[in-house]
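A.B. asks: Can you read through this structure? Questions will come right after.
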Amino acid sequence: MSDVRRPTEGAPLLSLKAVTLQYKTRDSLVTATYRVDFQVFKSDRYILLGPSGCGKSTILKAVGGFIRPTEGQILLNGKRITRPGPDRMMVFQEFDQLAPWKTVRENILFPMRATGKFSRAEAQERTDHYIEKIQLEKFADAYPHTLSGGMKQRVAIARGMAMEPDILLMDEPFAALDALTRDRMQDELLRLWEDTRVTLLFVTHSISEAIKIGNRILLLSALPGQVKAEIGTRDNSFLDAGLQAMIHDILFSDTATAAAAHA
Ligand SMILES: Nc1ncnc2c1ncn2[C@@H]1O[C@H](COP(=O)(O)OP(=O)(O)OP(=O)(O)O)[C@@H](O)[C@H]1O
C-alpha cells in the first residue's frame, strides 16, 4: 500500500501546543501529560505510543473535548477544542461501545441522523456502503450481543468512518482481541483507510502495531507523559526489526530525545 507522509505544506489539522492535562480529585492531583506538543496533518495515521499510564487515553479524551487542558491549547482546524463534536468520532477498546438495543445497521446509521449531518437517504446509503465494506451484510439486522468481539469493533469503526469526521480517535481498539483477529483487524483498518483517507489518531502500547498502522509515531515517556521523539515510518516498515529496536531504545531510555526521523 502507498504511504502518506506528512505534507510539507498546509496547516495542520490538529495541533497540541504545550498541553498539560491533569486530574484533580479531592485529595490528589495527577499530572497525566506535561507540555505535550505535536501536529497531525490531514490523512495522517498518527500514533500515540508509550508505556501504560503515560497519558495516551487522556490526550485522546482531551482531543475528544471531554477534558480541558490545565495549560496549553488544542486546536482543530485552527479552532480551540472546547467540547465534544461530530467532527471527532471515537472508537474504544471495549466491546460494549455499541448500543445493545440497536441492530448493526441502526448503530451505524444513528449518529448520522442524530446529528443531522446527512439526510435520511444519504445516511442509509452510507450505512449500506460501510456494512458492505466491513463484510457484515448477513449481520446487518443482528444485535451486538450476537456478534464476536472483532465484528463489534468493525461496526464501531464503520460507525466512526461513516460520519466522515475530521479525525477518527481510536483508543487501543484491537487490544482486547486475540492475536490472529487483531492482525486481521489491522489489515482491515488499513484497507478502509485506503478508501477513505480519514485522519487517524490511534493509541497503542504495542510497538509492532504502531509501526504497522502508523505513518507517524509519537513516543511518550512514562507518567507524566512527555514527548520523547517523533518517528516517521515507511512502507513495510513493520518488517524492519531495526526500527522496532530503535523505538524500544528511545521509549525505555532515561533521556528525552529530540525528534528522530526514519527515512
Ligand atoms: N479519571 C481519572 N481520575 C484520576 N486519575 C486518572 C483518571 N484517568 C486516568 N488517570 C490517571 O492519569 C494517568 C494517565 O492515564 P491514561 O489512561 O491516560 O494512560 P494511558 O497511557 O492511556 O494508559 P494505558 O496504556 O494503561 O491505557 C494515569 O496515572 C491514570 O491513573
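A.B. asks: What chymotrypsin sites (Phe, Trp or Tyr not before Pro) in region 71-107 are in a loop by DSSP, with at most 14 other Cβ atoms within 10 Å of the Cβ?
C.D. replies: Values: sites: PHE92, PHE95, TRP101; in loops: PHE92, TRP101.
Those satisfying the criteria are TRP101.
A.B. asks: Give the share of C-alpha pairs in each 5 angstrom bin for the chain, from 0 to the last occupied bin, in whole percents, shortest bins first.
C.D. replies: Taking all Cα pairs of the chain, the binned fractions are 1, 6, 13, 17, 19, 17, 13, 8, 4, 1, 0, 0 percent.
A.B. asks: Taking 41 Å as R0, compute the FRET efficiency from the Cβ-Cβ separation of SER28 and ALA114 and round it to 0.05.
C.D. replies: Once rounded, the FRET efficiency stands at 0.65.
A.B. asks: Which one of VAL30, VAL63, VAL203 has the biggest mean-square fluctuation once the chain is modelled by GNM with Cα springs under 10 Å?
C.D. replies: Most flexible of the set in this elastic network: VAL30.
A.B. asks: Now a separate question. Percent of accessible area on the chain owned by carbon and sulfur, 1.4 Å probe?
C.D. replies: 51 percent
A.B. asks: For ALA11 and THR181 in the same chain, what is the full-extension length gain: residue separation times 0.36 nm, less their Cα-Cα distance, in nm?
C.D. replies: Residue separation times 0.36 nm, minus the Cα-Cα distance, leaves 57.5 nm.
A.B. asks: Out of ILE134, ILE157, ILE213, any idea which swings most in a Gaussian network model of the chain, alpha carbons joined below 10 Å?
C.D. replies: ILE134
A.B. asks: For GLY150, what charge total do you get from the other residues with a beta carbon under 14 Å from its beta carbon, if Lys and Arg give +1 and Asp and Glu give -1?
C.D. replies: -1
A.B. asks: Another question, then. Thinking of region 63-163 as a set of Cα atoms, what percent of all their pairs are more than 23 Å apart?
C.D. replies: When every Cα pair of region 63-163 is considered, 32 percent fall beyond 23 Å.
The values are calculated or read from the model by the stated rules, or taken from the named source; none is laboratory data. Just so we're clear, the structure is a prediction, and the values are computed from it rather than from any experiment. Cβ coordinates were reconstructed from backbone atoms using ideal geometry, including for glycine residues, and neighbour counts include every protein chain displayed. SASA here: full protein model, heavy atoms, side chains in, ligands and nucleic acids out. Shrake-Rupley method; radii C 1.70, N 1.55, O 1.52, S 1.80 Å.
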